[in-house]
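Enquirer: If you scroll down you'll find the structure; I have some questions about it.
Every read-out reported here was derived from the displayed coordinates using simple, explicitly stated rules and does not represent laboratory data. Values in this document were obtained by computation on a predicted structure and should not be read as measured data. FYI the Cβ positions are ideal-geometry reconstructions off the backbone, even for glycines, and counts take in every protein chain you see.
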Ligand code: GTP
Ligand code: MG
């Protein structure tokens with residue numbers, strides 16, 4: 001296993017923890033959000049979770065029946081979120097998260113306040129976020145924190161997929177393929193940020209423990225799209241698990257995955273860099 005501190009935080013001297021969740025669009029901004037959280041409290045563990053309707057309806061059960069409940073839950077279903085346990089009291093973290101509406105003037109220096117600076121100039125915040133996306137969720141009491149930690153960290157991990165898709169765009173592959181990076185806009189301008197963003201997300205994959213501890217079959221990696229992203233992801237997973245992966249491309253003539261060597265992925269990355 002990697003020995004980065006992200007999933008191995010110490011609980012020494014801390015007797016309370018809270019639950020935080022990075023909402024789907026917030027995953028693009030994880031490096032910034034993580035910095036804000038770390039400045040206040042250590043992160044004990046993270047888990048990348050595929051959201052089912054049942055899971056998100058249980059999470060937001062207190063809002064069932066409200067007119068925006070379906071809109072709110074629809075936004076999450078079928079997408080990934082990052083579940084996080086933070087070693088601090090819920091009210092401490094709620095303070096840095098800010099109030100529900102990102103446009104609230106009191107949110108100037110909060111995590112939710114980031115939405116305002118991230119919104120493209122030619123659109124309104126409401127249109128951009130559909131009125132519900134404030135990037136992050138924080139449990140609002142100790143009872144809620146306990147319930148949510150239990151809900152998001154203790155549910156069964158699905159079977160390891162045959163393919164792990166490392167592209168941020170959808171590929172046309174039927175069947176047993178999982179795509180945790182879809183929809184995440186990676187910041188390609190800074191290689192350090194890019195590396196830590198991808199590795200944080202891959203480290204939080206629900207199957208990682210099983211590959212490294214239980215010798216479970218590891219999926220073939222489907223790569224494509226941005227070469228720099230692929231290299232970081234492939235090398236990180238190799239380091240993390242101590243195993244080598246089969247790497248595949250989607251052949252668009254028949255839509256089937258075809259095996260490739262890491263060398264040829266690297267060659268493409270070099271060409272990409274030279275073209276920039
Ligand atoms: P969470 O940390 O996500 O629970 O936010 P919160 O505790 O600040 O707000 P609350 O629990 O009241 O609402 C849950 C989520 O529902 C909010 O984060 C918003 O995304 C969404 N929401 C709340 N109020 C409204 C509303 O009036 N309209 C819409 N469309 N969404 C809302
Ligand atoms: Mg709430």
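Enquirer: Which distance in Å, rounded to a whole number, links the C-alpha centroids of the stretch 29-67 and the stretch 187-223?
Expert: Each part's Cα centre sits 19 Å from the other's.
Enquirer: For the stretch 163-275, what is the percent of antiparallel DSSP beta bridges, rounded to the nearest 5?
Expert: On the way: 5 of 12 bridges.
Beta bridges within the stretch 163-275, antiparallel portion: roughly 40 percent.
Enquirer: What number, in percent, do you get for the relative contact order of the stretch 163-275 if the mean sequence gap of Cα pairs under 8 Å and at least 6 apart is divided by its residue count? The partial results should precede the final answer.
Expert: Details: 140 pairs, mean separation 28.6, N = 113.
After rounding, I find 25 percent.
Enquirer: Using the Kirkwood radius over C-alpha pairs as Rh, can you work out the diffusion coefficient of the chain via Stokes-Einstein at 10 °C, viscosity 1.306 mPa s, in µm² per second?
Expert: Numbers: Rh = 19.9 Å.
This corresponds to a translational diffusion coefficient of 80 µm²/s.
Enquirer: Of the beta bridges DSSP finds with both residues in the chain, what % are antiparallel, to the nearest 5?
Expert: Values: 20 of 27 bridges.
Antiparallel: roughly 75 percent of the beta bridges in the chain.
Enquirer: Turning to a different aspect of this structure: Arrange 177, 165 by Cβ neighbour counts within 10 Å, fewest through most, would you? Let's see the in-between values first.
Expert: Numbers: 177 18, 165 26.
Exposure proxy ranking, most exposed first: 177, 165.
Enquirer: Also: Which whole-number percent gives the relative contact order of the chain, counting Cα pairs below 8 Å spaced six or more residues apart?
Expert: On the way: 421 pairs, mean separation 52.5, N = 276.
After rounding, I find 19 percent.
Enquirer: If you don't mind, there's one more thing I want to ask. Among 167, 21, which comes first, second and so on when ranked by fewest other beta-carbon atoms within 10 Å?
Expert: Numbers: 167 18, 21 22.
Starting with the residue having the fewest Cβ neighbours, the order is 167, 21.
Enquirer: Using Cα-Cα distances under 8 Å and only pairs 6 or more residues apart, what relative contact order does the stretch 18-153 have, in percent? Display every interim value, and only then the final one.
Expert: Working: 204 pairs, mean separation 51.4, N = 136.
That works out to 38 percent.
Enquirer: Now a separate question. What ranking do 230-241, 22-33 get when scored by the average of other Cβ atoms within 10 Å per residue, highest first? Write out the running numbers ahead of the final one.
Expert: Details: 230-241: 19.0, 22-33: 21.1.
Ranked from most to least packed, the peptides come out as 22-33, 230-241.
Enquirer: For the stretch 96-231, what D do you get in µm² per second when you plug the Kirkwood radius from alpha-carbon pairs into Stokes-Einstein at 20 °C and 1.002 mPa s? Write down the numbers at each step before the final one.
Expert: On the way: Rh = 17.9 Å.
Estimated diffusion coefficient is 120 µm²/s.
Enquirer: Would you mind getting the Kirkwood hydrodynamic radius of the stretch 18-153 from its Cα pairs, rounded to one decimal in Å? Each step should come with its number before you reach the end.
Expert: Numbers: mean 1/r = 0.0662 Å⁻¹.
So the Kirkwood estimate lands at 15.1 Å.
Enquirer: Continuing with this model, one more query. How much mean residue ellipticity at 222 nm does the chain get from its helices, if each DSSP H run of length 4 or more adds -39500 (n - 2.57) and you divide by all residues, to the nearest 500 deg cm²/dmol? Show your work: numbers first, answer last.
Expert: Values: 11 runs with 103 residues, N = 276.
Estimated from H runs of four or more residues: -10500 deg cm²/dmol.
Enquirer: Something else: In the stretch 163-275, what is the volume of the convex hull around the alpha carbon atoms, normalised per residue and reported in Å³? If you can, show how the numbers build up before the last one.
Expert: Values: hull volume 12.0 nm³, N = 113.
Dividing the Cα hull volume of the stretch 163-275 by its residue count gives 106 Å³.
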